Structures are given as C-alpha cells and as structure tokens.
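Okay, structure first, notes after.
Just so it is clear, none of the values below were taken in a lab; they were calculated from the coordinates. Predicted, not measured: the structure shown is a model, and the values here were computed from it. Every residue, glycine as well, gets a Cβ built from its backbone with ideal geometry; the counts of neighbours run over all protein chains shown.
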Amino acid sequence: MGIKFEKVTHSFKNPDGRGMFIAIEDIDLTIDEKSEFVAVCGHTGSGKSTLIQHMNALLFPSKGNLEIFDRVIKPKKNRKLNQIRKRVGLVFQFPEYQLFDETVLKDVMFGPLNFGLKKEEAKEKAIQALKMVDFEEKLYDQSPFRLSGGQMKKASIAGILALEPDIIILDEPTRGLDPKSSLEVMELFNDIHKKYDKTIVIITHDMDIVSKYAKRVVVLDEGKKVFDGKKEDLFIDPNFKTFHLDYPSSMKLAIDLKNKLNLDIKENVLTFEELMEELERI
Ligand SMILES: Nc1ncnc2c1ncn2[C@@H]1O[C@H](COP(=O)(O)OP(=O)(O)OP(=O)(O)O)[C@@H](O)[C@H]1O
Ligand SMILES: [Mg+2]
C-alpha cells in the first residue's frame, strides 16, 4: 500500500493566535504505490498543498490516521521519516522553499549525499537529474537564488528526481514555466510514469494538463474532498459547477461548436484528437 488517509483533518493556528483554521477536513484517500497518475485540483485555498504535504510526512494529521508505505505517521515517531521522504519525493509549490545550497549542482546533490551516496555518485545522479529537466549546464555553478522562476522550478524538480523516489508529488510543477518548458516537464513525468510505472501526484489549475496526463482526479473544496474518480467522469459530474474548475480547451471548443454551429457532437472530449474524431464522425 502506498499512501492511506483515513478521516484526516489538519488545522493551523490562526495567525492572530486565536483558535484554529481547518485547512483539510475528514479526508479519506488511498493512493497506490504504483501506476497512478493523480491530479489534485480545487480553487485557491481549498487545501491542496496542505493535503499533499501529508503525503511525505511534512505535515501530520491533527485528527485521523495517515499511513505511508504501511507505516503509521505520528509526529512523535520522527526517526524513520527520512526514509519515507526518500521514497515519496515532494516538489514544493514555491521552489525558493526547497532550494538552499550555494550552487545549483550542490543543491541537487544534497539529497543523494544525505541518503548515503559518495560524492562522485551523488554528482552523477545530480547531473543526470538536471539533464532530465533540460537545465542549462552553464548555470550548474550559479546560486539557485539568482535563477529565474522557471529555472528555479526546474532545479527544484531535479533535486527530487535525483533521489529516484518511488512516488513523485509535485505542487504546481508548471507554474512559472514557459509553454515549451511546461510541455517538456509534463512529458518527462509522463515518461517516468509510463516507463517505470511510478505513481505521480500533481497539483494543477490547468485543466488541459489534467485532461491530457492524469488518470484520476481528486477535487478539494474548502478542505473537503468533493470528487475522486476517473478524469473521464470529472467534467460530466452533476456537481461539476460547484467544483470551481474550468473545462479543458478541447471541451470548451466542442461546447462552442455544438451550441453555435448546432453540431451533433459529444461535449466531453478530453483532447483535440478526440474532438477531431467527433468532427470526422458527423
Ligand atoms: N502554515 C499555515 N498557517 C496557517 N494557515 C495556513 C498555513 N498553510 C495554509 N494555511 C491555510 O490553509 C488553507 C489551505 O491552504 P493551502 O495552501 O493548502 O491551499 P491550496 O489549495 O494549496 O491553495 P493555492 O491554490 O493557492 O496554492 C488556506 O486558507 C491557507 O491560508
Ligand atoms: Mg497550494
């Protein structure tokens, strides 16, 4: 078993010190350790980052039960958490929270070194990971804090790939990347997913990414799980309007074509290829 949430609630102390704020509430969720590609969606503040930070035990439940690789996660049993963090790699929403070392290369080497690799092996893993995200070689010795937002994002992704985790969790991996880099990064995760059958969990606001890459979608709304199912069922869910999500572009176009040109086509098309097939059919 990969990751299992049972009735997990997480509350933060309110900034004014008075009372608690419930960020996620009563979450039941199981993610297999292999073969899953899950998108976590929901509007700003719905609890997505809070939820996924439980998946490698960066946050602990305030209530409920959390198991990662069959280990019950409790704040006081901290000793074995490092092992979990190697097996479940998490790329933060804001790369500046993750990067810290003097140079990009040192930063990406940190994880492998920390988990016992020799310097040369760690360097090899780091370079391999930086190449996977197509990070410019001339910036390896640059301070991570002098990089652009997109370069920082790539460096932070490389830092996790270098650990070769079993499950890869990414908080808005394409945020700040140009369209070409976004596509490359998503194709990379898709390749990793397909080639090694690894479970990937991403948070994204981009419904085109959801419709193209995800197999399963979890939707949060005000801290509650309001949808958990196949992506094919998301956009036709009777409650879709209440999820505060957009349709993918292929579906928007299909709806327009159907309504404005009176075409008798299916609306729930997840890709432009599917839309083309519909158009060829009529
Ligand atoms: N460390 C914290 N202390 C107090 N409140 C927090 C903390 N982190 C998150 N919250 C609150 O919990 C709620 C959920 O936050 P979270 O970051 O999980 O949302 P999100 O769905 O990831 O949003 P976004 O799409 O903007 O990234 C928000 O109302 C936020 O203000
Ligand atoms: Mg977030």
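For the reader, a short list of remarks on this structure follows.
- Helix-only mean residue ellipticity at 222 nm for the chain, each DSSP H run of n ≥ 4 adding -39500 (n - 2.57), per residue, nearest 500: -11000 deg cm²/dmol
- Relative packing of peptides 27-37, 152-162 - highest average C-beta neighbours within 10 Å first: 152-162, 27-37
- Stretching residue 244 away from residue 271 to a fully extended chain increases their span by 7.7 nm, per 0.36 nm per residue minus the current alpha-carbon distance.
- Computed over the chain, relative contact order equals 22 percent, with contacts defined as Cα pairs under 8 Å that lie 6+ residues apart.
- Neighbourhood net charge (12 Å Cβ-Cβ; Lys/Arg +1, Asp/Glu -1) for residue 152: +2
- The stretch 257-282 and the stretch 145-208: distance between their alpha carbon centers, rounded to Å: 31
- Estimated FRET transfer efficiency (residue 70, residue 115; beta-carbon r; R0 25 Å; 0.05): 0.80
- Net charge over other residues, Cβ less than 14 angstrom from the Cβ of residue 182 (K, R count +1; D, E count -1): -2
- Peptide ranges 143-149, 129-135, 88-94, 268-274 listed from the most packed, as the mean C-beta count within 10 angstrom indicates: 88-94, 129-135, 268-274, 143-149
- For the residue pairs 118/212; 7/80; 119/180, alpha carbon separations beyond 29 Å are given by 118/212; 119/180.
- Separation in nanometres of the label points that stand 7 Å from Cα toward Cβ, at residue 190 and residue 263: 2.2
- Formal net charge of residues neighbouring residue 26 (Cβ-Cβ distance under 11 Å; K, R +1; D, E -1): +1
- Out-of-range pairs (alpha-carbon distance over 19 Å; input 4/241; 123/154; 231/260; 194/224): 4/241; 231/260; 194/224
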